[in-house]
Each structure stands twice: as C-alpha cells, then as structure tokens.
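Have a look at the structure below before the remarks.
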Amino acid sequence: MFRMTWAIDYPSVDNFLYPLFHSASIGDDNFTRYNSPAVDGLIDKARATADDDERRALYGEAEAVTCRDLPLLPLWFGVQYHLVNLEKFQIDGAVVDMFGEPVLRMFRPRS
C-alpha cells in the first residue's frame, strides 16, 4: 500500500491515464504496476486520433475499464471556493480554469 497525489499538468485526460495506467509507464509513474492490454490499446489509439469526439470516446472507454478494475482507490479530492462580486463583474464563461485558478481575463466590468 502507498499514498500518492496527482495533479494535472496539461488539459487532457491523457495526463492521468497514460502515466498512471499504461503498462509502458510501469517503473515511472504506474506504481501499482497495473497492466491491461485493453487499456494500453485504447490509450494508444486515442493518442493517435485527431478527431476530438472520437479521442474523447476512446479515453472514456479506457477510463471505464480502469474504473472497473480499480487499480487505485481515490481517497480525497480538493475543492476551492472563489467569491465574485456580481455587482462589479459580468461573467461570460467559466469562473475558474481547469487548475482552479480565477479566470480574470473573462470578467468584463459592467458599464
């Protein structure tokens, strides 16, 4: 048994799936030594797919297999809270980015 954390480095589910669950990553970041030819094939195919929807579906299938096998047990997740004064800002999109940081460039002061 061991405990580890993993934070996203770039905006792709591949940032989790490949290092943690692909057999080529055993010895690097795949500390559980999880090995699934089905998952490897889905991740490899997704990485070689240019179409966003098709790639997303392949990663979804890889996630479904790893969730069914459950080589890691998720114990904790983080939550961040941000307050925005809606009297001063009109929000035209996401309030925070994928890293949980405020997206101030998307705030437009009210006229």
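The values are calculated or read from the model by the stated rules, or taken from the named source; none is laboratory data. Worth saying up front: this structure is predicted, and the values here are computed from it rather than measured. No Cβ is skipped: glycine too gets one built from the backbone with ideal geometry, and neighbour counts run over all protein chains shown. Calculation scope for accessible area: heavy atoms of the full protein, side chains included, ligands and nucleic acids excluded. Shrake-Rupley method; radii C 1.70, N 1.55, O 1.52, S 1.80 Å.
On the stretch given as segment 65-95, residues that are surrounded by 15 or more Cβ atoms within 10 Å (Cβ to Cβ) and in a strand (DSSP E or B) total 1.
Scanning segment 38-64 for residues that are outside any helix (DSSP H, G or I) and open to solvent by 70 Å² or more (accessible area, probe 1.4 Å) turns up Ala48, Ala50, Asp51.
The sole residue among Thr32, Thr5 that is within 30 Å of Val79 (Cα to Cα) and in contact with a Pro (Cβ under 6 Å, 6 or more places away or on another chain) is Thr32.
Listed by first and then second residue, the pairs linking a residue in segment 23-45 that is in contact (Cβ under 8 Å) with a residue 40 or more places away in the chain to a residue that is of a type outside the set (A, V, I, L, M) and surrounded by 13 or more Cβ atoms within 10 Å (Cβ to Cβ), with Cβ atoms under 7 Å apart and 6 or more places separating them unless they lie on different chains, are Thr32/Pro71. Could you say whether any residue in segment 12-30 is in a loop (DSSP other than H, G, I, E, B) and within 12 Å of the chain's Cα centre (by Cα)? Yes, there is a match, as at least one residue in segment 12-30 is in a loop (DSSP other than H, G, I, E, B) and within 12 Å of the chain's Cα centre (by Cα). Checked against (1) open to solvent by less than 50 Å² (accessible area, probe 1.4 Å); (2) closer than 16 Å to Leu20 by Cβ, Asn35 passes all but a single condition, namely (1). Consider segment 101-111 and keep the residues that are at pLDDT 70 or above and not charged (D, E, K, R). The one that is least open to solvent (accessible area, probe 1.4 Å) is Val103.
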